[in-house]
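The next block holds one structure in the form of structure tokens; read it before the comments.
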Amino acid sequence: MPLKPGDTAPEFDLFTDDVTNKAKVRLSSLRGKKVVLLFYPMDFSPVCTAEHCAFGPELGRIAADADTLVFGVSCDSPYSHNAFRKQYNIAYPLLSDSTRKMAKAYDMWAGEEPYNCTKRGTVVIGRDGRITHYHEQPMREARSVDDLSAAAVTADIAEEQRANEGGGSVH
């Protein structure tokens, strides 16, 4: 079942495309930051490549402040991510969910057939570790920068509402 705004974001601990340092990202270490997860089916595919190439120059609209972190997420290996990110100069880290555990926990797993990959979707996690935005995009349709920017703004509004209702602090 898809996650919904207000749900606690499932923990993850994934390798990034930084294969030299074997860098990892753990969600719990990002508490206090807003996290934008851009799930996508696979490196080097036409729609995914077009998306990431469009998002990079507009990253300031998606992550409007220093407290917002953006990550691409797919089931490809860190080595594939490293080559993809270098070839297309992708402006944010790519997380490797090679076990598919995160994709399944976030209901972004498309299944083994036909491509054994993640769905295309966006999840925004608030500074308090709760989901503020969840959207699945049709696999063959690219997301727009305008939609991602609106999702990030919606996340701020949701956090403010929760804080005002006594459901948690923003910081």
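Just a yes or no: is a residue in region 24-32 modelled with pLDDT under 95 and at negative phi? Talk me through it step by step, then tell me what you get.
Taking region 24-32 first, the residues modelled with pLDDT under 95 are 31-32.
Restricting the remaining residues to those that are at negative phi gives 31.
Among the residues of region 24-32, at least one is modelled with pLDDT under 95 and at negative phi, which makes the answer yes.
Could you tell me whether residue 85 is among the basic types (Lys, Arg) and within 17 Å of residue 137 (Cβ to Cβ)?
Details: among the basic types (Lys, Arg): yes; within 17 Å of residue 137 (Cβ to Cβ): no.
Criteria not met by residue 85.
Looking only at residues in region 16-32 that are part of a strand (DSSP E or B) and in contact (Cβ under 8 Å) with a residue 40 or more places away in the chain, which one is farthest from residue 125 (Cα to Cα)? Even if it seems obvious, please write down each step before you answer.
Initial filter on region 16-32 (part of a strand (DSSP E or B)): 16, 24-26.
If we keep only those that are in contact (Cβ under 8 Å) with a residue 40 or more places away in the chain too, we end up with 16, 25.
Details: 16: 18, 25: 14 Å.
So, considering only residues that are part of a strand (DSSP E or B) and in contact (Cβ under 8 Å) with a residue 40 or more places away in the chain, the one farthest from residue 125 (Cα to Cα) is 16.
Enumerate the helices (runs of 4 or more DSSP H) found wholly within region 66-171, keeping only those where 3 or more residues are touching a residue at least 24 places away in the same chain (Cβ under 8 Å) and of a type in the set (A, V, I, L, M).
Values: elements: 78-88, 101-105, 145-164.
Of the helices (runs of 4 or more DSSP H) lying wholly inside region 66-171, those with at least 3 residues that are touching a residue at least 24 places away in the same chain (Cβ under 8 Å) and of a type in the set (A, V, I, L, M) span 101-105, 145-164.
The values are calculated or read from the model by the stated rules, or taken from the named source; none is laboratory data. This is a predicted model, so every value here is computed, not measured. Don't worry about glycine lacking a Cβ; one is built from the backbone with ideal geometry, like all the others, and counts go over all protein chains shown.
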